[in-house]
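A single structure is presented below for examination.
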Amino acid sequence: MSRDTALRTLTNTASIGPAAVHPPAPHDALARPTNEDLIGAGLSLWPQGPAWGSPDGQAVDLGSNLARFTRVLIDPFVWLYGRAFQLAREATVSGVFDLLKEWETDYGLPDTCATDISTTAERIRALEAKVNSQAVLTPSDFIRVAAAYGFTIAIEEPAIFECGFSEIGGAEHEIGSPREEIYWVVYVENLAVDYFRAGESELGLDPLFSIGDGERLLCILERIAPAWTIPVLSLDALQPPFTPPDGTAWVYIDGTYPREFVTFDNDFVYADL
């Protein structure tokens, strides 16, 4: 996933997603007709003549018994034409309504990552997010998908120290096994962490800490991450920048370990001061 395999990178901007394909609006009388739209065509199907209310080729009176009877006969076609056009609109996710259950079945919804979705609007939003997350690869793509679920994140991709290449004392590389490069670290803006509290929490029941929605985000990212990578959620005290820093420092919340940014291929590579 890394933009540059030689340096540790931080990505905090989302990619531009595919443009939404909106279904067409009704464009003729047969797309979403009313009974009034079809009554003329319906009356023209009857035989002509005085017995049928059309002497000498005159139009049938719309208030006649024959016209009222015809309205009854054509009323199912009003529903049929409207229903057929609605089904055509549901060929794209932007027009889904009646076929929502079938779309959810195709995309494996509802899934275990989102268990509190109940309303139709929430189900449609979850479906749109799932459809738009089918083709993601770069860090910016994952940031865009997370934003669709309501999360603002930044992604850090580590680079491991290599003898003969890395600089001792530098911050572009970290010591560890080369296999650690399969991990990418996710920082979430305003992530709430609920810690175990002595005197309040219960041993054997309450966890040492709970990251709430962060677990849902991690579940979502794990499902769409490339098979050779593993996303991990950072619980560090680091406060990552969620806007381009323009020379500002990325520091720990307590003010220690100031770091400056260097622009590199549209990403920000940081180095200890």
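The values are calculated or read from the model by the stated rules, or taken from the named source; none is laboratory data. Note that the structure is a prediction, hence the values are computed from the model and not measured. Glycine also receives a Cβ, built like all others from the backbone with ideal geometry; neighbour counts cover every protein chain displayed. Quick note on the areas: whole protein, heavy atoms, side chains included, nothing else; ligands and nucleic acids left out. Shrake-Rupley method; radii C 1.70, N 1.55, O 1.52, S 1.80 Å.
In what order, largest first, do Leu203, Leu66, Leu73 sit by accessible area if the probe radius is 1.4 Å?
From most exposed to least exposed: Leu203, Leu73, Leu66.
While we're here: Contact order normalised by length for region 122-224, with contacts defined as Cα pairs under 8 Å and 6 or more residues apart; what percent is it? All intermediate terms of the calculation are to be shown ahead of the outcome.
On the way: 91 pairs, mean separation 24.5, N = 103.
Once divided by the residue count of region 122-224, the mean separation gives 24 percent.
Here's something else I'd like to know. What do you reckon, how do Cys163, Cys219, Cys113 stack up by accessible area (1.4 Å probe), largest on top? Present the calculation step by step, with values, prior to reporting the outcome.
Working: Cys163 130, Cys219 30, Cys113 10 Å².
So the residues, ranked largest to smallest area, are Cys163, Cys219, Cys113.
Multiply the residue separation of Leu99 and Cys163 by 0.36 nm, subtract the distance between their alpha-carbon atoms, and state the gained length in nm to one decimal.
Between Leu99 and Cys163, full extension yields an extra 17.3 nm.
Taking the highest mean first, how do the peptides 50-61, 85-96, 133-144 order by number of other beta carbon atoms within 10 angstrom per residue? List each step's numbers first, then the result.
On the way: 50-61: 11.9, 85-96: 16.1, 133-144: 18.2.
The densest-packed peptide leads the list: 133-144, 85-96, 50-61.
If you find the alpha carbon centre of region 145-209 and of region 50-94, how far apart are they in angstrom?
64 Å
Shifting gears a bit: Considering all alpha-carbon pairs of region 49-124, what whole percent are spaced by more than 20 angstrom?
58 percent
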